[in-house]
Amino acid sequence: GILQHPDGTVLKQLQPPPRGPREQEFYNKVYDSDCCDSVLLELREYLPKYFGVWSPPTAPNDTYLKLEDVTRKFKKPCIMDVKIGQKSYDPYASAEKIQQQVSKYPLMEEIGFLVLGMRVYHVSSDSYETQNQHYGRSLTKETVKDGISKFFHSGYCLRKDVIAASIQKVEKILEWFEGQKQLNFYASSLLFVYEGSCQPPTMRLGDVTLAEKGGVPKGLLSGGDVLEYNNNIHVINSTENGKIEASVGKGLSKFYALHKKAYSKRHHSQLSLKVENLEQDNMWKSSTCITQEHLNGNVIPQLEKVFCHMPADIKESANVEVRMIDFAHVFPSNTKDEGYIYGLKNLITVLQNILDN
């Protein structure tokens, strides 16, 4: 397992030969202080930082890789490990090893990736949900999208901001693979980490929230529709009887202007709209309850424009890390790593489908 060092790094015990020495050699090559290879220098951006090897004073023969703790900056880190590639065995694997790996997840060659595990923080219950590799192996082509979407759900809502930021980071790694022919990776993973402790604010308009108080569980509408997490603001898709009820004031257009202004100034921090601030601006002193019949074609598009579309800079600011890990099976090559590229493209497609749908 991974151990924590008091200095904030993590320690990964070196595996028996040839895997352990091979992984150590990979890190030494990429992080060589004399390295001037642009391909390897860029690769550093996608790995945990490497601080050499370490041995405990009481067991000098035990060797550990000393690595950056990618989760350290997060209060409630949500973590997912996804093995990438069409083959989880390297070119030198025995027939027995190949059979063992293929039997574990026969669809890996077709899908190009495998969920090895995840830990997701649920804001609603203040607890973690954990899934192991058996969960990942149980996913099929038909269920893999729903299986992965579980990682991006806070218990209240789908974290679309995190999905969008994750896609951008995986695309950068894909660009690196498309441009290099030096290394091929087998049984290597992507580690996804994001902050799970963000309290999804319920936007209050006057004294009534967008999700009306009538016995609706947090994060769910009475019709079972889940509130979606866009720009840290809840958006209601529909309600049980097809009506949208909200308490709105006469200053709706002023609110749009305020909201956009706040984005331009605070797009790197969580936007929080508080009732007190709104009341100070005398925007919501008189309110009226309106139903969908009164929300004409002019208002709905404005609501969608404000709440549903994330500017690029907002997406990029989501607190997300995607790093490559596990390098016991990395080999020199003179061709593109087509198996890894295939897996990355399929994973991006699945993430994009989750985001779009």
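Of note:
- Residues in segment 24-64 that are of a type in the set (Val, Ile, Thr) and outside any loop (DSSP other than H, G, I, E, B): VAL30, VAL39, VAL53.
- Answer from ARG119, ARG137 - the residue that is surrounded by fewer than 20 Cβ atoms within 10 Å (Cβ to Cβ) and over 16 Å from the mean Cα position of the chain (by Cα): ARG137
- Under the condition of being more than 26 Å from ASP337 (Cα to Cα) and of a type outside the set (S, T, N, Q), the residues counted in segment 27-67 number 11.
Residue-wise test of (1) assigned by the TED database to the domain that holds VAL330; (2) surrounded by 13 or more Cβ atoms within 10 Å (Cβ to Cβ).
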| site | (1), (2) |
| --- | --- |
| GLY1 | no, no |
| PRO6 | no, no |
| GLU25 | no, yes |
| SER33 | no, no |
| LYS49 | no, yes |
| ALA59 | no, no |
| ASP62 | no, no |
| PRO77 | yes, yes |
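- Test result for ILE163, open to solvent by less than 10 Å² (accessible area, probe 1.4 Å), at pLDDT 95 or above, within 21 Å of GLY85 (Cβ to Cβ) and touching a helix residue (DSSP H, G or I) at 6+ places or on another chain (Cβ under 9 Å): no
- Taking each residue of segment 53-75 that is farther than 14 Å from ASP7 by Cα and in contact (Cβ under 8 Å) with a residue 40 or more places away in the chain and looking for partners that are assigned to a loop (DSSP other than H, G, I, E, B) and open to solvent by 30 Å² or more (accessible area, probe 1.4 Å) with beta-carbon atoms closer than 6 Å, six or more apart or interchain, yields ASP62/SER55; THR63/LEU14; THR63/SER55; LYS75/SER197.
The values are calculated or read from the model by the stated rules, or taken from the named source; none is laboratory data. All figures in this text were calculated on a predicted structure; none of them were measured in a lab. No Cβ is skipped: glycine too gets one built from the backbone with ideal geometry, and neighbour counts run over all protein chains shown. Ligands, DNA and RNA are stripped out before the accessible areas are found, and what is left, the full protein with its side chains, is counted by its heavy atoms. Shrake-Rupley method; radii C 1.70, N 1.55, O 1.52, S 1.80 Å.
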